[in-house]
Structures are given as structure tokens and as C-alpha cells.
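The values are calculated or read from the model by the stated rules, or taken from the named source; none is laboratory data. Worth saying up front: this structure is predicted, and the values here are computed from it rather than measured. Every residue, glycine among them, receives a Cβ derived from its backbone with ideal geometry; neighbour counts consider all protein chains shown.
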Amino acid sequence: MPVSPALRRLFRIRDLEEEQCRLALESAQSELNRLEQALVATVERKRRGRQLVGTSAHTNELPDRLAGLEETRAAERFAAALAPRIKDMQMNVNARREEFLQKRVERRQAETLIQETEIKDAVETGRREQQSLDDWYRSRLHRNEIEDERGKQSHPDPTKTDANKTSAKTRET
């Protein structure tokens, strides 16, 4: 039995769903990467602020010291704001990954059904072809046997004439 159009449609739908989930996962992952890079930039900003405070302590530059302290505080606030967003995005990425993997499993199940059906079709077609060849061969053998019998009936054996048959019968008795 050939693969039904409904099964092929199901496979196509599963394929599209998997593709959409993959794109959503990639989008969420890139957003997470962006947030993590922002956190790294914030840590770097905090380090530069501390460095500015340290250098201003040696040079007695009050505005540099205040700017360094403010940079440090701003970086800490920004890092504090980023931490929950990163945590939420990590959970979102994990959920999208699970959804993607589930859709992949569903697509592969549909793909497996199609492949199994195609394999069964191929086996069945091969079996039918072999059976057809076997039937043709048997009919050919049967036809040859009939032709041989007809040939023997229309052309009797010349060595066995009626006189020979009679003499053979008399010898037996």
C-alpha cells in the first residue's frame, strides 16, 4: 500500500513545526547571548570604574574619583537588572530547546512511518514481481509439456510399429 497523502502532509507539517521551533530556539539563544555579552560589558565597565577610582586616588583628582564611583555603581545596578533577565532567558531557551526536540521526535516518527511504508511497498512489489515470474515460468513449463505430449501423439515412435507391438505381446505371454 503506497504512502497516503495524509501521512505525507503530516510529515510536512511536522517538518514545518520543527523548523519554526528551531528558529524560535535560535532567536532565544541569540537574545541570551546578547544579554550575557551585556553582562560581560557591565563587568568591564565596573572594572574600569574601579581603575579610575584607583588612579584618581594617586592623582588626587576628585572628579575622576566621583566618576569612577558612579561608573562602578551604575555597572552594579545594570548587572543587578540583567541577572533576572538572563535567568528568565535561560529558562526560555531551555523550554524552546525541549519544544524543538519534541518536534524533532514527532517529525522523525512521521518520517519513520513513511520509510517503513515505502520499504513494505518495495518488498511487496518485489514479491509480486517474483510471483509473476514464477507463474510465467510454470505456465511456460506446462505449455512445453503439453506441446511435447501433442508432438508424441502426432508423431508416433517409428521403432514401435503394430507388428513390433504384437510380437512383443506374444513374447510376454
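Name every residue in region 1-17 that is without any contact (Cβ under 8 Å) to a residue 40 or more places away in the chain and over 30 Å from Glu124 (Cβ atoms), in order of residue number.
Answer for region 1-17, where residues must be without any contact (Cβ under 8 Å) to a residue 40 or more places away in the chain and over 30 Å from Glu124 (Cβ atoms): just Leu16.
Name the residue that is farthest from Met89 (Cα to Cα), counting only residues in region 36-54 that are polar (S, T, N, Q) and surrounded by 13 or more Cβ atoms within 10 Å (Cβ to Cβ). Outline the logic, then answer.
We begin by selecting, within region 36-54, every residue polar (S, T, N, Q); these are 37, 42, 51.
Subset that is surrounded by 13 or more Cβ atoms within 10 Å (Cβ to Cβ): 42, 51.
Details: Thr42: 18, Gln51: 31 Å.
Top of the filtered list is Gln51.
Looking only at region 102-110, decide whether some residue is in contact (Cβ under 8 Å) with a residue 12 or more places away in the chain and touching a Phe, Trp or Tyr at 6+ places or on another chain (Cβ under 6 Å).
yes
Can you name every residue in region 18-61 that is within 21 Å of Arg85 (Cβ to Cβ), free of Cβ contacts under 8 Å to residues at least 40 places away in the same chain and among the hydrophobic types (A, V, I, L, M, F, W, C)?
Residues of region 18-61 within 21 Å of Arg85 (Cβ to Cβ): 24-46.
Among the residues that remain, those that are also free of Cβ contacts under 8 Å to residues at least 40 places away in the same chain are: 26-27, 30, 33-34, 37, 40-41, 43-46.
Selection gives Val40, Ala41, Val43.
Could you please let me know if Glu118 is modelled with pLDDT under 95 and part of a helix (DSSP H, G or I)?
yes
Just to check your reading of the model, which residue among Asn33, Asn92 is part of a helix (DSSP H, G or I), surrounded by 15 or more Cβ atoms within 10 Å (Cβ to Cβ) and out of contact with any Lys or Arg (no Cβ under 8 Å at 6 or more places or on another chain)?
Result of the check over Asn33, Asn92: Asn92.
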